Amino acid sequence: MLNIALFGPPGAGKGTQSEFLIQRYDLFYISTGDMLRKEIAAGTALGHEAQGIIASGGLVPDEIIVQLIEKTIIEHPDSNGFLFDGFPRTYVQAYILEGLMLKLNTSLSCLISLNVPEDESVARLLKRGATSGRSDDNETVIRNRLREYSEKTVPVLRFYEERGICRTIDGTASVETVQQRIAEVIAAELQKKLLNIVLFGYPGSGRGSQGKALAEKFGLEYIATGAMLGKEIEQRTPVGQKVLELYENGSLVPDEIVVQLLERRLAETKHAKGFIFKGYPRTLVQSYILDGLLRKHGSSISMIIEIEVPPLELIHRLDLRSKTDRCMPYDNSTSKIVTRLKEHEEKTVPVIAKYNQLHGVTKIDGMGTFDEVFARLAAEVEHGFKRMR
Ligand code: AMP
């Protein structure tokens, strides 16, 4: 999701720039001012409470704003992102926004602050007052609104500066110039965003070959912990020796080993649009580790996919593979195959259930030809990229 907050004093041009942003990035627009004016026009109890405060240029209590905004956000979890205009307007509202974004497993991408000196704000609002029909666009109220802004709203900037997501733009330039600068800021934000996919499936479900093909098509970095360990074995490193013994018993490799390899890999990857994790996390502990690793990298999990294949078909596929040159050291006998399937059942299925509760897991039918399954997966990944934008 691309979530933007437009910030600036009354008259900075937030409303005008919002029109362009909504269109260009297909965002869901949330203007607390517009929402309050609608409540007033509809004569609701909330509107009555807000009316006098708005007319005097004061700020409506945070409790009212929460009610307005929470409902709207929760009703639109599938939007491409939100554009906030006139919110957060107090330090407390900045915390409220954090909580609401967390509920949708997302965060504010950045706060764009339009810098306009007070005299320019007043002049613009007086001009707007001639045609807007807004009772709060007159000089006495305007001065009051600006005072509220510098006392209660400016501290919001500090909140976002501390988080490193505050971007300031000169709001006195022409509408087109400001528009262009905002577009530049957003382009930079989008570049930083990674699409991180966790790909689940029982051994034999095709997650390896599909994961590799998806990574290639979408410019993602394919991270298969099994293959990373295989490389250590091949290069006969001390880690590789240890891993080989464990494989022969059909056991999992200790987390300490895998974490170090993963950390190195994430740090080395420079130009990918995101990561596809295959074969990781395999346990609940590893799911926490992955969250931590991605957070350290300034990112998070974007989507979780599980390829579903019925058990008899899995056994059939693994058995076929064990008789070809694609046979892996960990599935060269029936007992090893059974151990791997059991490990997945006991340790990884609970991880998928946890993710299902937290973020939702997209289930993909893994039956059919490689191309058929690939098309289903690719459609999901494309959807993921769209949602991220
Ligand atoms: P605006 O249309 O954003 O200029 O808002 C007009 C008026 O609505 C403000 O002067 C406030 O009285 C009230 N208002 C709008 N958004 C908020 C908010 N987030 N918190 C408190 N009051 C608000």
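Consider all pairwise Cα distances in the chain and report the whole-number % of them above 29 Å. Working shown, then result.
Values: 39698 of 75466 pairs.
Summing the P(r) tail past 29 Å for the chain gives 53 percent.
What's the FRET efficiency of E161 with S135 using the Cβ-Cβ distance as r and R₀ = 25 Å, to the nearest 0.05?
In this case the efficiency is close to 0.15.
Residues of segment 1-24 with the amide nitrogen closer than 18 Å to a label point 7 Å from the Cα of N80, along Cα-to-Cβ, please.
1-6, 17-24
Can you tell which of D371, D34, D325 shows the greatest fluctuation in a Gaussian network model of the chain with Cα springs below 10 Å?
Highest fluctuation of the listed residues: D325.
For segment 1-130, what log10 I(q)/I(0) values come out of the Debye formula at q = 0.23 1/Å, with one point per alpha carbon and no solvent?
-1.53
Return P(r) of segment 154-272 (all Cα-Cα pairs; 10 Å bins starting at 0; whole %; ordered from short to long distances).
That works out to 10, 26, 25, 15, 14, 7, 2, in percent per bin.
Positive end of the dipole of the chain, charges at C-beta (+1 Lys, Arg; -1 Asp, Glu), about the Cα centre: which of H344, L320, P9 has its Cα farthest in that direction?
Going by the Cα projections, it comes out as L320.
Consider all pairwise Cα distances in segment 195-388 and report the whole-number % of them above 27 Å.
So the pairs more than 27 Å apart make up 26 percent of the total in segment 195-388.
Any chance you could give the angle, 0 to 90 degrees and rounded to 10, that helix 311-322 forms with the longest Cα principal axis of the chain?
The answer is roughly 60 degrees.
Give, rounded to the nearest 20 debye, the magnitude of the charge dipole that segment 178-336 has about its Cα centre when Lys and Arg contribute +1 at Cβ and Asp and Glu contribute -1 at Cβ.
Using only the charged Cβ atoms, the result is roughly 380 debye.
What ranking do C110, C327 get, fewest neighbouring Cβ atoms within 10 angstrom at the top?
If I rank by nearby Cβ atoms, fewest first, I get C327, C110.
To the nearest 10 degrees, how steeply does helix 14-25 sit against the main Cα axis of the chain, on a 0 to 90 scale?
Roughly 30 degrees between the two axes.
Suppose we keep just the alpha-carbon trace of segment 262-328; what are its Rg and Dmax in angstrom?
My reading of the Cα-based Rg and Dmax gives 16.0, 43 Å.
Add -39500 (n - 2.57) for each DSSP H run of 4 or more in the chain, then divide by its residues: what number comes out at 222 nm, to the nearest 500 deg cm²/dmol?
It comes out at -18500 deg cm²/dmol, rounded to the nearest 500.
State the answer as a single residue: which of Q51, N105, V122 lies farthest towards the positive end of the charge dipole of segment 42-197, with beta carbon charges of +1 for Lys and Arg and -1 for Asp and Glu, about the Cα centre.
Towards the positive end, the residue furthest out is N105.
Please report the equivalent ellipsoid semi-axes of segment 33-76, computed as sqrt(5 x eigenvalue) of the Cα gyration tensor, largest first, in whole Å.
18, 12, 8
Please say if segment 11-61 is rounded, prolate or oblate, where rounded means a/c under 1.5 for a ≥ b ≥ c the square roots of the C-alpha gyration tensor eigenvalues, and otherwise the choice is prolate for a/b larger than b/c and oblate otherwise?
prolate
Just rank S300, S31, fewest to most, by other beta-carbon atoms within 10 angstrom.
S300, S31
Each value in this text was obtained by applying a stated rule to the coordinates, not by laboratory testing. Worth saying up front: this structure is predicted, and the values here are computed from it rather than measured. Backbone-built Cβ (ideal geometry, glycine too); neighbour counts: all protein chains shown.
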